[in-house]
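The structure under discussion appears below in the form of structure tokens.
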Amino acid sequence: MKNFKPKAWLLPQPVLIIGTYNSDGTPDAMNAAWGGQWDSNQIMISLGSHATTDNLNRCADFTVAFATVDTAIAADYVGLVSARHHADKLAPTGWRSVRAENVNAPRFECFPMTLECRISQKLFESETGYYLIADIVNIACDERYLSSDGLPDVEKMGLISFDPVHNGYLQLGKRVADAFSSGKALK
């Protein structure tokens, strides 16, 4: 067994695309990996100081989409380039956006599923960023990614995960067992 010093290696890490509006009303997106479910209807994201945090200080509404194999290159790009320095940041991505139905934030049409969120609270706020807890107001899923039961089919989405060990993106795989069921075989 080889030991390592503490690092941000909680696996898998989602590749979250956070959508907000800039002060001039143009859509912005950033890539964030440090986030997850907070409660059954809330998420948590750790944010540094970005154009996105500036936007969230003006408006508590935002969207969270899950990056996919098809959006990986552009998703990486929006994590590298800041809207603070590039007014037309999203142009190279080719992403089209529409206003989300339930929050004042952009929803990017290229993602299979998007959470529409509103900040509930900010924790440990400083000039370097904060942790946000947000209510999930709505979940919008492209109908092409629904299964026969009418619910989102995660296997169809081609979702990716951030590999913080080797700085890459990995495609999430196939279903291997049924949750809350397969373990019963060991009872």
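The values are calculated or read from the model by the stated rules, or taken from the named source; none is laboratory data. None of these values were measured; they are calculated from a predicted model. Because the Cβ atoms are built from the backbone with ideal geometry, glycine has one as well, and the counts that use them run over all protein chains shown.
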Quiz prompt | Residues located in region 5-18, provided they are touching a Phe, Trp or Tyr at 6+ places or on another chain (Cβ under 6 Å) and either free of Cβ contacts under 8 Å to residues at least 40 places away in the same chain or part of a strand (DSSP E or B) (or both) | solution = Gln13, Ile18
Quiz prompt | Any helices (runs of 4 or more DSSP H) falling wholly within region 47-162 and containing at least 2 residues that are polar (S, T, N, Q) and crowded, with 17+ Cβ neighbours inside 10 Å | solution = 51-58
Practice problem: Read through the list (1) over 17 Å from Ile43 (Cα atoms); (2) in contact with a Ser or Thr (Cβ under 9 Å, 6 or more places away or on another chain); (3) modelled with pLDDT under 95, then give the number of the only condition that Phe108 fails. | Solution: (3)
Quiz prompt | Sole residue being farther than 22 Å from Pro12 by Cα and not basic (Lys, Arg), chosen from Thr114, Thr128 | solution = Thr128
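Yes or no, residue by residue, for (1) out of contact with any Phe, Trp or Tyr (no Cβ under 9 Å at 6 or more places or on another chain); (2) closer than 21 Å to Cys110 by Cα; (3) modelled with pLDDT of 95 or more:
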| site | (1), (2), (3) |
| --- | --- |
| Thr26 | yes, yes, yes |
| Gly36 | yes, no, no |
| Ala74 | no, yes, yes |
| Ser82 | yes, yes, no |
